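The values are calculated or read from the model by the stated rules, or taken from the named source; none is laboratory data. Model, not experiment: these values are computed from the prediction. Here the Cβ positions follow ideal geometry from the backbone for every residue, glycine too, while neighbour counts run over all protein chains shown. With ligands, DNA and RNA removed, areas are computed over all heavy atoms of the protein, side chains included. Shrake-Rupley method; radii C 1.70, N 1.55, O 1.52, S 1.80 Å.
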Amino acid sequence: QHPVALSTIKNLKNLSPDYWEVNRVEAFIRSFTDETSIVLDIYEQAIRQAPNPKEIARVKYFLAQYLKKSSAPDALTRAYDTAKECYKITPDSEILHLMGSIEVQLGYFDQAIENIKKSLFVKNTRSLLIHTTSLVTAYRRYAEFKFVHEKNYKEALELLNESFLQF
């Protein structure tokens with residue numbers, strides 16, 4: 001119910017125009033539309049308004065997730081830089097997982113695998129399944145890269161075997 005959500009956001013902004021969380025939520029809601037420049041502006045405003053580093057990291061985490069899915073030319077690199085900034089402020093497994101998944105997309109496979117492995121130390125089963133699936137995917141994508149681009153069939157097979165073992 002996108003129109004209802006935006007109407008609620010408008011009402012919240014009237015009540016508290018400087019509350020950073022309203023902007024973060026608005027950016028998240030608008031992220032499901034094609035309003036890229038508006039979404040980025042709203043996230044930047046939320047970052048400026050956030051009262052402390054922990055909350056800045058929270059906004060940057062959502063921004064990095066948004067950029068990761070964006071089709072803008074430099075979005076993936078910007079998502080990676082934003083996730084690294086976020087991790088410096090709040091080093092936790094969810095941010096490591098995000099960094100690892102971006103690294104896979106960028107082709108930084110060794111770093112991605114290292115970060116995703118570190119992210120496996122989570123407290124709930126759902127996150128563990130998601131992070132483990134990402135690790136399996138990272139190995140598979142690395143194997144595909146070795147096979148297709150480097151024609152290194154031996155390493156590709158070893159990486160696929162590791163993917164199977166992680167699964």
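With the full set of protein chains in place, find how many percent of the accessible area of the chain is carbon and sulfur; take the probe as 1.4 Å. Display every interim value, and only then the final one.
Working: 5630 of 10030 Å².
The value for the chain is 56 percent carbon and sulfur by accessible area.
Would you be so kind as to identify which of T132, F32, L98 lies farthest towards the positive end of the dipole of the stretch 1-160, taking Lys and Arg as +1 and Asp and Glu as -1 on Cβ and the Cα centre as origin?
T132
Quick one: accessible area per residue over the chain, 1.4 Å probe, rounded to a whole number of Å²?
Working: 10030 Å² over 167 residues.
Spelled out: the 1.4 Å probe surface of the chain, per residue, equals 60 Å².
In debye, nearest 20: dipole of the stretch 16-123 around its Cα centre with unit charges on the Cβ of K, R (+) and D, E (-)?
Details: 14 positive and 16 negative charges, 70 e Å.
Result for the stretch 16-123 is approximately 340 debye, rounded to the nearest 20.
Find how many whole Å separate the alpha carbon centroid of the stretch 101-142 from the alpha carbon centroid of the stretch 1-63.
Cα centroid of the stretch 1-63 versus Cα centroid of the stretch 101-142: 28 Å apart.
With n ≥ 4 as the cut-off for DSSP H runs, can you work out [θ] at 222 nm for the chain, using -39500 (n - 2.57) per run divided by the number of residues, rounded to the nearest 500? Please report the intermediate quantities before stating the final value.
On the way: 9 runs with 133 residues, N = 167.
Computed mean residue ellipticity for the chain: -26000 deg cm²/dmol.
Give me the base-10 log of I(q)/I(0) for the chain at each q in 0.09 Å⁻¹, Debye formula, one uniform scatterer per Cα, rounded to two decimals.
-0.37
To the nearest 10 degrees, how steep is helix 20-30 against the longest Cα principal axis of the chain, on a 0 to 90 scale?
The two axes meet at around 60 degrees.
How far is helix 109-118 tilted off the main Cα axis of the chain, in degrees rounded to 10, range 0 to 90?
Result, in degrees: 70.
In debye, nearest 20, what is the charge dipole magnitude of the stretch 66-162 about its Cα centre with +1 on Lys and Arg Cβ and -1 on Asp and Glu Cβ, if you could check?
Values: 14 positive and 13 negative charges, 50 e Å.
Using only the charged Cβ atoms, the result is roughly 240 debye.
For E94 and S16, calculate 0.36 nm times their separation in residues minus their Cα-Cα distance, and state this gained length in nm to one decimal.
On the way: separation 78, 0.36 × 78 = 28.08 nm, distance 2.97 nm.
My answer for the length gained is 25.1 nm.
For helix 153-166, report the angle its Cα long axis makes with the longest principal axis of the Cα atoms of the chain; keep it between 0 and 90° and round to the nearest 10°.
Between helix and principal axis, roughly 60 degrees.
Once the dipole of the stretch 1-88 is set up with Lys and Arg at +1 and Asp and Glu at -1 on Cβ about the Cα centre, which of Q45, A64, N14 lies farthest towards its positive end?
After comparing all options, I get A64.
Farthest toward the dipole's positive end in the stretch 80-167, which of N152, Y108, Q166, given Cβ charges of +1 (Lys, Arg) and -1 (Asp, Glu) about the Cα centre?
Among N152, Y108, Q166, the one farthest towards the positive end of the dipole of the stretch 80-167 is Q166.
Based on the Cβ-Cβ distance of F164 and L106, what FRET efficiency does E = 1/(1 + (r/R0)^6) give at R0 = 22 Å, to the nearest 0.05? Before the final figure, lay out the partial values.
Numbers: r = 24 Å, r/R0 = 1.10.
Plugging the Cβ-Cβ distance into 1/(1 + (r/R0)^6) gives 0.35.
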